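One structure below.
The values are calculated or read from the model by the stated rules, or taken from the named source; none is laboratory data. Source: prediction; values computed, not measured. So basically every Cβ, Gly included, is an ideal-geometry build from the backbone, and we count neighbours across all protein chains shown. Surface areas here come from the heavy atoms of the whole protein model, side chains and all, with no ligands, DNA or RNA. Shrake-Rupley method; radii C 1.70, N 1.55, O 1.52, S 1.80 Å.
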Amino acid sequence: MCGITGFWGDSNAPGELVLRMTDQIRARGPDDVGTWLDPVNNLAIGQRRLSILDLSPAGHQPMTSPCGRYVLVYNGEIYNHIDIRVELDSKLSSYQWRGHSDTETLLAALSYWGIESALPRLNGMFAFALWDLNKKTLTLARDRLGEKPLYYGYCGNTFIFGSELKALKVHPK
């Protein structure tokens, strides 16, 4: 099932806070937990993982792209991720895959094609948050039918998001 959460804006102790937010959605992903912080930009993202496609640590999230530009947290399944990998392999002959997760495939597709070109290629159910360190942009996206939940909103000047409302309720704002 998995779950994602995070915030962008003013917060004290962002590492502790995002971990408390991910703890609220522990049932969505009992196999692993991960957080990532950008203290300069007041961004914190977290993920709870239910390991299905790649049971190894290579599927751990948040996942950073090999170029270091993008950080991804993701919930869902990309059904055609093998086909996307084959297509990416034909274009990126030197790409070194770390594992077999659809998360890594999604991150490579977003990095190579960009968000607007990658999204139409995806066949699956998903919700994700992608941080672009170069542009300082946070992109949230869901599958066409909105099968995977993604709640978000502003509390003052802080943007918060998560797979369940109870994760958002932990945020003090």
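Across the stretch 154-172, what is the total count of residues that are touching a Leu at 6+ places or on another chain (Cβ under 9 Å) and at pLDDT 95 or above? I'd like the intermediate steps shown before the answer.
Our first condition is that a residue be touching a Leu at 6+ places or on another chain (Cβ under 9 Å); within the stretch 154-172, this holds for 155, 159-163, 170-172.
Those still in the list that are at pLDDT 95 or above too: 159-163.
Summing the residues that are touching a Leu at 6+ places or on another chain (Cβ under 9 Å) and at pLDDT 95 or above in the stretch 154-172 gives 5.
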> Consider residue 166 against the criteria (1) open to solvent by 70 Å² or more (accessible area, probe 1.4 Å); (2) in a loop (DSSP other than H, G, I, E, B): it satisfies all of them except one. Which criterion is unmet?
Replying inline: (2)
>> What's the total number of residues in the stretch 1-36 that are under 12 Å from the mean Cα position of the chain (by Cα), closer than 18 Å to residue 153 by Cβ and of a type outside the set (A, V, I, L, M)?
In response: 3
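So which residues in the stretch 142-160 are part of a strand (DSSP E or B) and under 23 Å from residue 123 (Cα atoms)? Write out each step before concluding.
Our first condition is that a residue be part of a strand (DSSP E or B); within the stretch 142-160, this holds for 142, 151-155, 158-160.
Selection gives 142, 151.
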>> Report every pair of residues separated by at least 6 positions or lying on different chains whose Cβ atoms are under 9 Å apart, first residue within the stretch 10-25 and surrounded by 15 or more Cβ atoms within 10 Å (Cβ to Cβ), second part of a helix (DSSP H, G or I) and of a type in the set (Val, Ile, Thr).
In response: 11/18
